[in-house]
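Below is one structure, written out as structure tokens; the observations come after it.
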Amino acid sequence: MSRRILSAVALLIGNAVGLLLAVALLPGFKIAPLSIIVVVLVFTVVQVIADPLITRISEKNVPALKGGVALAVTFVGLLITDLVASGLTIGGVSNLLAATLLVWLGAVIAGVLIPMFLFKELQDSKTKK
């Protein structure tokens, strides 16, 4: 598989893990079971679009924000996904802030572990052929 496809799959899985972590730990944060795929796809697309925009804005206007771009992108992604996808319920401002941290943390951990284990096996099986 190409590197771009592998990174897209890793991003989708990481976001799914992060969102499910927020569902498990936050009482008001809910995703309808039939909507999980749509919510993950919308959230990931919003992140992919918002990341370069927020990065560019932060570099020009607030360079100190550079380290927090991923959190800002996660926050914006959750807000827009809540507006667009009917299957996501955030449950208030405190849940939005807590979910931002949980989804970001879950996606970071999954983003590190998934390529190390899952894609390593894919690459190993390719080299054996």
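Here, each number is a calculation from the coordinates, and none is a lab measurement. If you're wondering where the values come from, they're calculated on a predicted model, not measured in any experiment.
Brief remarks follow.
- Take the Cα radius of gyration of the chain and divide it by 2.2 N^0.38 Å, N being the number of residues; the result is 1.12.
- Counting only DSSP H runs of at least 4 residues, each contributing -39500 (n - 2.57), and dividing by the residue count of the chain, the helix-based mean residue ellipticity at 222 nm comes to -28000 deg cm²/dmol.
- Spatially, the stretch 79-108 and the stretch 1-59 are offset by 10 Å when compared through their Cα centroids.
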